[in-house]
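First the structure, in the form of structure tokens, and then the observations on it.
The values are calculated or read from the model by the stated rules, or taken from the named source; none is laboratory data. None of the values given here were measured: they were computed from a predicted structure. Because the Cβ atoms are built from the backbone with ideal geometry, glycine has one as well, and the counts that use them run over all protein chains shown.
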Amino acid sequence: MTTATRLLRIPHHKDANTTVIVNVFAQKPDLLELNLLATEGEAPYSSKGNSPRLRHSIIVLIVQVVQKQNKQLRASSYTGTDEEWQAILRWLLLHETPTTSGSIQLDQVELVVHSIEFEKEINVIVRQNIKGITVWSSIKSELPCFVRVLTSAQHRLGTIQLLYDDTAELGLFDWNILALAERDAAESLLSSMKHDHVKQQQDVADLRRQLQQLVKAKKHHEDELLEKFRLLLNSKKAKIRDQKRLLSTAKVDKATGMWLHRR
């Protein structure tokens, strides 16, 4: 059975320097069955808590959310489809790019920490962050004046609650190994992409040089054709002038009807 493990760095919605590290272990990625284990740097929190509201792991709740729109995770104001919600969770928790994400663009959704209660719970918000919204704001002056302001709007889609779990083992060494492996893979991919980019730039430069040579050869060929056409045209004109001169100096023999050249 395939498994997947991901490390997520989730910033606080008010302070980007305050972060929570979440380890996402997917026992059944295709069914979106996940175990979440997190820490704010001091205590462990997991998706398996002792709270009566969340007696089951967040994995079960996520599956129920996908299938039954469980209100414990989804915001009441979120009216998206089950397929859209599942695509959002896969994108945020597993870094999987789905074939379809519904009406919400995946680059607009994010995870942020809403609240941290030490040795109690961490609440993570799934939200849509729409940036680049244009609004017009009035400013105080003698004359009515409005200025254009680019802002952003956040729409909460759901909440993931991680409860304090003193029995959980963080396994920070394993997390470091995972983070280093992901970093090595990212650096390797980046190096490969840079190499491909350089090669493509060289190919583009070669194609441009070939194109310039073709343009130059085309112009040279056109110039040669024009020169040959000019010489041919001048030759025809010379022959026509010769024929006119001959006609102007010739006379017709009345006896034979033939043209005779004057001497």
Residue in the stretch 60-69 that is at pLDDT 70 or above and over 31 Å from the mean Cα position of the chain (by Cα) present: no
Filter result (aliphatic (A, V, I, L, M) and over 30 Å from N23 (Cα atoms)) within the stretch 168-204: V198, V204
Wholly enclosed strands (runs of 3 or more DSSP E) of the stretch 109-198 bearing at least 2 residues at pLDDT below 80 and surrounded by 11 or more Cβ atoms within 10 Å (Cβ to Cβ): 121-139, 145-164
